[in-house]
Structures are given as C-alpha cells and as structure tokens.
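Structure first, then comments.
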Amino acid sequence: MRILSGIQSSGETGCHLGNYFGAMRQHVAYQSEHEGIFFIADYHSMTSVRNAALRRRLVDEVALDYLGAGLDPEQAVLYRQSDLPETCELQWMLTTVTPMGLLQRAHSYKDKLAQGVAADHGLFAYPVLMAADILQFNADLVPVGQDQKQHLEMTRDMAQRFNHTYETEVFKLPDPLIPEEVAVVPGLDGRKMSKSYDNTLGMFWPQKQLKKAVMSIVTDSTPVEDPKDTDHALFQLWALFADEAERDAYFERARAGGLGYGDAKKDLLKRILDYFGPMRERREDWAKRPADLEDVLRDGARRARERVRPVLDAAREAAGLGGR
Ligand code: ADP
Ligand code: TRP
C-alpha cells in the first residue's frame, strides 16, 4: 500500500498534540509495513504565513518534529512540498475540472470566512492543491485527522472528473484513514486543538512553556471533593497518554470526586514530558545537524519525483499537453 500525507508548516512553532495523535503518530507507525510518503506542506502555508524566513524556519521545525517522532528517512520518504513544483502543474489541470460549487462547500474555507479571514484565491483553491499532492502519487491511503475528511472526498471527486473528462484511468481514488480513538484532540479551551485558535500544546515545547499552557486549561470552580465531568479537555488530553485500564480507573476517580483539576493538570504535564522525552532527545540530535536534515529533504524530493513523474506524464498525455 502506498500511504501519503502532509502536515502544513504554519503557525509559529512546530507540531502540536492534535497533529501528533491525529496524524503524525499514524504516519510513523505505517512506515515499516507500507510505502510511506510524507511531506511538509509549505506551499499550503502560503495562505497564512507571509514571511520568507518564518516559512523556512517552520519547515525545519516540522521536519525535526517528524524525525523526532521516529520517522525513519531510510524507510519513508520525507520531502518539502516546494521541492516538487510539479505539484502545481497538476493543481492547474485539476482546477479546470473542479466546479466552483464544490470549493464553495468546503468547511475549512467557510470556517475561515466565518472567522473574518480575508479570503484570497489561494485559500479558495487550497483543496485542489491538496488533491494534486495526493493524486500525483496514486496514493492508496491518506492518514489524516477527522477535519480533513471532506478534503479527501473532494480529492476523489476531482480524480473522477478528470478521469471521466479525458476518458482515462490515470488517477486512483484514494481512501482516507482516520484514527477512530482520537478523531479530534481538544485544545486548551475545549475547541479543536488548532494552530489557528491559539489553544495548542506543542509536542516539543520547553517544559516551562508547556507547564504554563497546561495550567491555563480552562476549568470551572468545582471543588476538589466534587465529581468531575470527564468529558472535559483536561481529562480527554490526559487519556491520550493512558491505556484503557488506566483511563477507566482515572475517570472513575474523577467522577467519584476527590481528584482536583490542579492535580489532574500536574498529572497531564508529567505524562506529556515523559511521553515525548525520548523523542525530544532524538529531535535535539537532528537539530544539531542542519546539513543532514537538508540532505534528508533533498533525497526525499528526489525519491518523490521518481514516483510522481510517470503519473504526471500520463495525465499530460491524457489531456493532450506538450509536444509528442
Ligand atoms: P492545524 O489545524 O493546527 O492547522 P493542520 O491542519 O496542519 O493543523 O493539521 C495537520 C494534520 O493534523 C492533519 O492530518 C489534521 O487532521 C491533524 N490535526 C490537526 N489538528 C487536530 C486535532 N485537534 N485533532 C486531531 N487531528 C488533528
Ligand atoms: N490540508 C492538510 C492540513 O491542513 C495538509 C495537507 C496538505 C495534506 N496536503 C495534503 C494532508 C495531502 C494529507 C494529504 O492538515
């Protein structure tokens, strides 16, 4: 199976717990059994990051997060999206078979408009670029968080329309792979954890910063002895780091009363630091070797291009582009 996924290098720092549990953890888990191709979506970041130095730094951060989390560049392909500008050619081809209405119905686009973001064409066309990322590889499976489900449906739609228009089978219809247990990781304020909501916990933030953020998780004034509702971001976050038995016991304690929010926050902080500790060391080791990091990304782009070229050539041929 060919597995393909990407993470956007946007915001101000690297990946958060939502990115890890919703996406990255699965990416790393699949690399040994499947052909894994993962990329850092810096073209996509252009819809929000408008500074060259910041864009470069964020690419490095996400690449280091991947390597820290255990992505093995000997097995999986890790590349920087902008090292493969061929993707943009396919995006153009796909835009010409994508109805306006399809893009107008995109939740991500509608949410951004509702937040008052001044929309440009890039934001509107974002799902077409994402479809090109996927279809250029003829990927079988795309592991993503729940929030990306609609984008995958749109990708399938575009593939079908292109195939139908040019009477070809050039594009395979990819399936999403969404982890059921942690479909949506909540943020500090209880909404979906997201770089755009400023409610995140970074995987590799320094201990002090993590502590401050964990302590700021919004709780009410229920006294320590009273029962707590475990359907709360604090407990849901804690549960990410526990097995089922541990979670049941902890939730029972919380529901019975006697477990205060303050203690639960301390428990959560400890879990985060313990869990990401070994990954943090591996990340720091890579961070000391920027030339090696660059080599990984360059080699990743070379291997990505080998896979993409035949698909793109077939799409060009089907559409009658270029000389014979
Ligand atoms: P953000 O919303 O912070 O900008 P991205 O859109 O870059 O995050 O997401 C990268 C990957 O992480 C995607 O596969 C997405 O589905 C997943 N993801 C992001 N936030 C969450 C979350 N809160 N819960 C589960 N998965 C998430
Ligand atoms: N849109 C995805 C997100 O915001 C990132 C992404 C871009 C992606 N291209 C992709 C994910 C292709 C999977 C496959 O999270």
Residue 197 passes all but one of the listed conditions (1) without any contact (Cβ under 8 Å) to a residue 60 or more places away in the chain; (2) surrounded by 13 or more Cβ atoms within 10 Å (Cβ to Cβ); (3) more than 16 Å from ligand 2 (Cβ to nearest atom); the exception is number (3)
Give the residues of region 242-278 that are of a type in the set (Lys, Arg) and within 18 Å of residue 205 (Cβ to Cβ), sorted by residue number.
265, 266, 270, 271
Output for Cβ contacts, cut-off 6 Å, separation at least six or different chains, first residue assigned by TED's automatic domain parsing to the domain that holds residue 37 and on the phi < 0 side of the Ramachandran plot in region 1-12, second basic (Lys, Arg) and not in a loop (DSSP other than H, G, I, E, B), reads 10/195
Out of the residues in region 15-48 that are within 11 Å of ligand 1 (Cβ to nearest atom) and among the small types (Gly, Ala, Ser), state the one that is nearest to residue 204 (Cα to Cα).
18
If you take the residues in region 102-136 that are of a type in the set (A, V, I, L, M), farther than 19 Å from residue 315 by Cα and touching a residue at least 24 places away in the same chain (Cβ under 8 Å), which one is farthest from ligand 2 (Cβ to nearest atom)?
102
When (1) buried (at least 23 other Cβ atoms within 10 Å of the Cβ); (2) within 23 Å of residue 117 (Cβ to Cβ); (3) among the charged types (D, E, K, R) are applied to residue 65, the one that fails is (2)
For residue 245, indicate whether it is of a type in the set (A, V, I, L, M, F, W, C) and surrounded by 12 or more Cβ atoms within 10 Å (Cβ to Cβ).
no
Scan region 158-174 and give yes if some residue there is of a type in the set (A, V, I, L, M, F, W, C) and within 12 Å of ligand 1 (Cβ to nearest atom), otherwise no.
no
Check on residue 257, under 29 Å from the mean Cα position of the chain (by Cα), in contact (Cβ under 8 Å) with a residue 12 or more places away in the chain and on the phi > 0 side of the Ramachandran plot:
no
Pairs, please: C-beta under 6 Å, at least 6 apart or cross-chain, first residue farther than 23 Å from residue 307 by Cα and in region 137-156, second near ligand 2 (Cβ under 8 Å from one of its atoms)?
145/23
Taking region 182-208, which residues are within 11 Å of ligand 1 (Cβ to nearest atom) and acidic (Asp, Glu)?
198
Restricting attention to region 217-233, does a residue exist that is crowded, with 16+ Cβ neighbours inside 10 Å, touching a strand residue (DSSP E or B) at 6+ places or on another chain (Cβ under 7 Å) and of a type in the set (Gly, Ala, Ser)?
yes
Return only the number of the condition from (1) of a type in the set (A, V, I, L, M); (2) within 30 Å of residue 66 (Cβ to Cβ); (3) surrounded by fewer than 19 Cβ atoms within 10 Å (Cβ to Cβ) that residue 214 does not satisfy.
(3)
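The values are calculated or read from the model by the stated rules, or taken from the named source; none is laboratory data. Just so it is clear, the model here is predicted, and its values are computed rather than measured. In this analysis, Cβ positions are derived from the backbone assuming ideal geometry, glycine residues included, and neighbour counts consider all displayed protein chains.
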